[in-house]
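Participant: First the structure, which I've put down as structure tokens, then a few questions once you've had a look.
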Amino acid sequence: MGTHEPLPGVVVGDIGPKFGYDETDNGFLKFDQVRIPRENMLMKYAQVEPDGTYMKPVSDKLTYGTMVFIRSMIVGDSARSLSRACTIAIRYSAVRHQSEIRAGEPEPQILDFQTQQYKLFPLLATAYAFQFVGSYMNETYHRITGDIQQGNLSELPELHALSAGLKAFTTWAASTGIEECRMSCGGHGYSRCSGIPDIYVTFTPSCTYEGENTVMMLQTARFLVKSYTAVLSGEQLGGMVSYLNDLSLQRVQPQPLAGRSLVTDINDLGSLVEAYKQRAARLVVAAAKNIQSDLSRGKRKEDAWNKNSVDLVRASEAHCHYVVVRLFATKLSEISDVAVHRILRSLCLLYALHGISRNTGDFLQAGLLAPPQVEQVQQRVKDLLATLRPDAVALVDAFDYTDTQLGSVLGRHDGNVYENMFEWAKKSPLNKTQVHESFYKYLKPLQSKL
């Protein structure tokens with residue numbers, strides 16, 4: 001304690017600079033012939049008795065408590081980081097004027113271009129969706145933690161699986177979305193004065209810390225396959241996997257019904273939630289059956305799992321996508337203000353339909369959509385862009401970020417982008433003098449010799 005030097009047999013140090021987190025002192029630790037006193041062991045769940053007997057926790061997953069909590073928090077952080085980037089990009093797109101839509105007319109705000117709306121408005125809808133999912137995960141974590149303290153561990157496996165899957169699903173989407181926001185700001189998005197590069201560098205490591213995302217999806221898949229197996233054994237499931245109960249009722253069709261589709265009205269959110277649910281169920285069943293088929297042919301369990309891991313990740317992604325769409329749609333029932341409900345319903349519909357347009361094959365293969373409806377979905381997405389355009393700036397203002405929180409010249413609340421960009425540029429260290437010191441140190445001596 002007097003010198004802070006490591007004790008004999010202990011080697012400790014910092015692991016070095018990291019992407020976005022140079023200031024965080026992650027370290028390495030090595031013990032060589034070091035005995036840890038029993039009173040210094042972390043024994044909240046697992047115990048070591050004085051005679052050396054090891055006592056296992058009631059559930060192995062209890063030891064994941066802090067990790068599950070942080071993964072749940074990362075879902076909310078995905079919403080915050082993406083919403084900050086959306087705020088900057090959409091505000092800037094309302095300030096920036098460029099090109100003509102009609103010859104001879106003034107240059108419009110770039111937010112009036114449909115291509116810009118198509119880049120940004122689905123991301124805005126995603127930010128809102130993740131905001132609601134983050135709140136749900138926070139509430140669910142604290143509710144289930146309370147149950148655990150009362151000795152009820154029944155919902156712990158699903159909490160672990162859901163936090164892992166949603167952590168991966170939301171961070172992948174947010175990381176990609178933040179970069180899309182940066183590119184939608186053109187060349188100025190490349191400058192650190194936009195604020196988006198710093199958001200990206202700080203957020204993107206979340207795709208790997210607290211669990212690499214593909215591994216997280218496979219953890220969720222393990223829970224989904226176990227749940228499917230439980231249903232086949234006659235067990236009734238609760239929570240977000242309760243849709244697998246429908247398998248026993250033959251409600252999840254193994255093949256699409258000829259000439260029919262599940263979704264009869266692409267504007268009906270209830271039908272879209274059902275479609276996402278059926279898509280998830282089919283992909284879970286397909287992956288589980290493929291594993292079972294390999295096992296029946298004599299493959300080892302580990303090999304069968306690895307051989308079908310791509311399908312398992314797809315099933316987990318579909319499950320998480322369903323959860324997000326369902327929670328967004330459910331949130332609408334809590335909104336009494338007619339105007340707010342109308343605009344949030346448009347956002348929810350955009351999120352759901354845009355997701356279908358990006359995963360059309362899944363919905364067509366399962367007979368959830370008919371081929372003519374694909375074109376309807378794509379057209380409806382474009383219609384919703386125009387619907388959301390008048391409220392786009394108000395929707396990002398509603399996140400209520402201060403200029404300090406955004407740290408962006410492009411996303412300033414007052415819209416004075418260019419004046420402040422010039423002031424920001426003048427603060428560059430290279431602008432401290434008109435002639436850089438290197439001239440006097442290197443070039444001027446050479447000139448005097450000529």
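The values are calculated or read from the model by the stated rules, or taken from the named source; none is laboratory data. Being a predicted model, the structure only gives us computed values, none of them experimental. Cβ placement follows ideal geometry from the backbone for every residue including glycine, while neighbour counts extend to all protein chains displayed. Please note that ligands, DNA and RNA were not included when accessible areas were found on the heavy atoms of the full protein model with its side chains. Shrake-Rupley method; radii C 1.70, N 1.55, O 1.52, S 1.80 Å.
Participant: Taking the alpha carbon gyration tensor of the range 89-239, what are the square roots of 5 times its eigenvalues, largest first, to the nearest whole Å?
Facilitator: Computed over the range 89-239, the values are 42, 16, 14 Å.
Participant: Moving on to the next point. Would you calculate a helix-derived [θ] at 222 nm for the chain, using -39,500 (n - 2.57) for each DSSP H run of n ≥ 4 and dividing by the full residue count, to the nearest 500?
Facilitator: -19000 deg cm²/dmol
Participant: Also, I was wondering about something else. Compute the length gained on full extension between D198 and N152: take 0.36 nm times their separation in residues and subtract their Cα-Cα distance, giving the result in nm to one decimal.
Facilitator: Length difference between fully extended and current span is 12.3 nm.
Participant: My understanding is that a pair violates if its Cα-Cα distance is over 19 Å; which of K226/K331; K167/K307; K226/K301; K226/K289 do that in this structure?
Facilitator: In this structure, K226/K331; K167/K307 lie more than 19 Å apart at Cα.
Participant: What FRET efficiency do you get for E139 and D246 if R0 is 25 Å and r is their Cβ-Cβ distance, rounded to the nearest 0.05?
Facilitator: My answer for the efficiency is 0.45.
Participant: Could you pull the Cα extents of the range 1-41 along its three principal axes, largest to smallest, in whole Å?
Facilitator: Projected onto its principal axes, the Cα set of the range 1-41 covers 37, 23, 19 Å.
Participant: Could you please report the charge total around L344, scoring K, R as +1 and D, E as -1 over all other residues with beta-carbon less than 12 angstrom from its beta-carbon?
Facilitator: 0
Participant: Quick one: Debye curve from the alpha-carbon atoms of the range 180-232 only, equal weights, vacuum; give me log10 I(q)/I(0) at q = 0.16, 0.25 Å⁻¹ to two decimals.
Facilitator: For the range 180-232, the Cα-only Debye profile gives -0.63, -0.88.
Participant: Continuing with the same structure: Rg/Rh for the range 1-120: what does it come to with C-alpha atoms and Rh from Kirkwood?
Facilitator: 1.30
Participant: Also: Pairs of alpha-carbon atoms within less than 8 angstrom and 6+ residues apart define the contacts here; what relative contact order does the range 43-140 have, in percent?
Facilitator: Relative contact order here is 30 percent.
Participant: Kindly provide the Kirkwood hydrodynamic radius of the range 333-372 in Å, to one decimal, from all pairs of distinct alpha carbon atoms.
Facilitator: 11.7
Participant: Over the Cα atoms of the chain, what radius of gyration and what Dmax do you get, in Å?
Facilitator: Final numbers for Rg and Dmax: 26.8, 93 Å.
Participant: On to the next question. At what distance in angstrom do the alpha carbon centres of the range 180-194 and the range 39-103 lie from each other?
Facilitator: Here the answer is 26 Å between Cα centres.
Participant: Same structure again: Equivalent ellipsoid semi-axes for the range 359-444, as square roots of 5 times the alpha carbon gyration tensor eigenvalues: give them largest first, rounded to whole Å.
Facilitator: Semi-axis lengths for the range 359-444 are 51, 21, 11 Å.
Participant: From zero up to wherever the largest Cα-Cα distance of the range 10-79 sits, split into 5 Å bins and tell me the percent of pairs in each.
Facilitator: 3, 12, 12, 14, 18, 19, 13, 7, 3, 0
Participant: Treat each spin label as a single point 7 Å out from the Cα along the C-beta direction, and report the I335 to N359 distance in nm.
Facilitator: 2.2
Participant: Next question. To the nearest 20 debye, what is the magnitude of the charge dipole of the range 21-165 about its Cα centre, counting +1 on the Cβ of each Lys and Arg and -1 on the Cβ of each Asp and Glu?
Facilitator: Here the range 21-165 has a charge dipole of around 80 debye.
Participant: Quick one: net charge around S271, please, counting Lys, Arg +1 and Asp, Glu -1 for every other residue with C-beta under 12 Å from its C-beta.
Facilitator: Once positives and negatives cancel, what remains is -2.
Participant: May I pose another question? What residue among G146, G211, G189 shows peak mean-square fluctuation when the chain is described by a Gaussian network model with Cα springs under 10 Å?
Facilitator: Ranking G146, G211, G189 by mean-square fluctuation puts G146 first.
Participant: List the trypsin sites (Lys or Arg not before Pro) within the range 362-437 that fall in a DSSP loop (any state other than H, G, I, E or B) and whose Cβ has at most 13 other Cβ atoms within 10 Å.
Facilitator: Those satisfying the criteria are K427, K432.
Participant: Tell me, what is the percent relative contact order of the range 98-247, built from C-alpha pairs under 8 Å that lie six or more residues apart?
Facilitator: Normalised by residue count, the contact order of the range 98-247 is 19 percent.
Participant: May I pose another question? Return the single residue from K119, K277, K44 with maximal mean-square fluctuation; model: Gaussian network over the chain, springs between Cα atoms under 10 Å.
Facilitator: Fluctuation is largest for K44.
Participant: Then there's this: With equal scatterers on the alpha carbons only and no solvent term, can you work out the Debye log10 of I(q)/I(0) for the range 122-188 at 0.18, 0.20, 0.21, 0.24 1/Å?
Facilitator: These q points yield log10 I(q)/I(0) values of -0.73, -0.83, -0.87, -1.01.
Participant: Could you work out what % of the accessible surface of the range 111-205 is carbon and sulfur, using a 1.4 angstrom probe and leaving DNA, RNA and ligands out of the count?
Facilitator: 53
Participant: Let me ask something additional. Note down the net charge around V95, summing +1 for each Lys or Arg and -1 for each Asp or Glu among other residues with Cβ under 13 Å from its Cβ.
Facilitator: Overall, the nearby charge balance is -1.
Participant: Counting heavy atoms of the protein chains only and a 1.4 Å probe, report the per residue accessible area for the chain as a whole number of Å².
Facilitator: Here the residues of the chain average 55 Å² of exposed surface.
Participant: Using Cα pairs closer than 8 Å and at least 6 residues apart in sequence, work out the relative contact order for the chain, in percent.
Facilitator: Reported as a whole number, the value is 19 percent.
Participant: Out of M137, M67, M216, any idea which swings most in a Gaussian network model of the chain, alpha carbons joined below 10 Å?
Facilitator: Top of the fluctuation ranking is M67.
Participant: In the range 211-231, which residues have a backbone nitrogen under 12 Å from the label point lying 7 Å from L295's Cα in the Cα-to-Cβ direction?
Facilitator: Within reach of a label on L295: 225-230.
Participant: Compute the whole-percent fraction of alpha carbon pairs in the range 244-401 spaced more than 18 Å apart.
Facilitator: 64
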